[in-house]
Amino acid sequence: MVKALESYLKEDHEALNREWQRRLEFVSARITKVPGASTSYMVPDIANHVPHMEIKWDAKRIPLTPAKLEKLCATENRRSFFPREKRVKFCL
């Protein structure tokens, strides 16, 4: 536990935040090229204080359910996946 705390305190948190933001922007730039798809970012107030991306799409334009997307992503290399109704959250 002490080692973990020491490691955390030595981290360059501003650099980590910049890297996380860069990753979100990289993914978002590709997703938002799809007509009807949009992204937004947020950092939870409680627990996991890292940026999360929410992906939304117009179901009339993109006939994809979160369950279908989850199946498509099942074999892909992803960090975290949170299907919700007609939106999806990824944690990079």
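The values are calculated or read from the model by the stated rules, or taken from the named source; none is laboratory data. This one's a predicted model, so the numbers in the text were calculated from it and none came from an experiment. Cβ atoms come from the backbone with ideal geometry, glycine included; neighbour counts cover every protein chain shown.
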### Query
Taking interchain pairs and intrachain pairs at least six residues apart, which have beta carbon atoms under 8 angstrom, with the first residue in segment 29-47 and over 18 Å from L64 (Cβ atoms) and the second loosely packed, with under 11 Cβ neighbours inside 10 Å?
V43/H49
### Message
Six or more apart or on different chains, Cβ atoms under 9 Å: show the pairs whose first residue is in segment 58-75 and among the acidic types (D, E) and whose second is surrounded by 11 or more Cβ atoms within 10 Å (Cβ to Cβ).
### Response
D58/G36; D58/A37; D58/S38; D58/K86; E70/F81; E70/P83; E70/V88
### Looking only at segment 38-61, and only at residues there that are closer than 24 Å to Y8 by Cβ and loosely packed, with under 12 Cβ neighbours inside 10 Å, the one that is modelled with the lowest pLDDT
A47
### Task
For segment 5-56, name all the residues that are at positive phi and either assigned to a helix (DSSP H, G or I) or out of contact with any strand residue (DSSP E or B) (no Cβ under 9 Å at 6 or more places or on another chain) (or both).
A47
### Message
For segment 46-67, give me the residue count where each residue is more than 16 Å from the chain's Cα centre (by Cα) and not polar (S, T, N, Q).
### Response
9
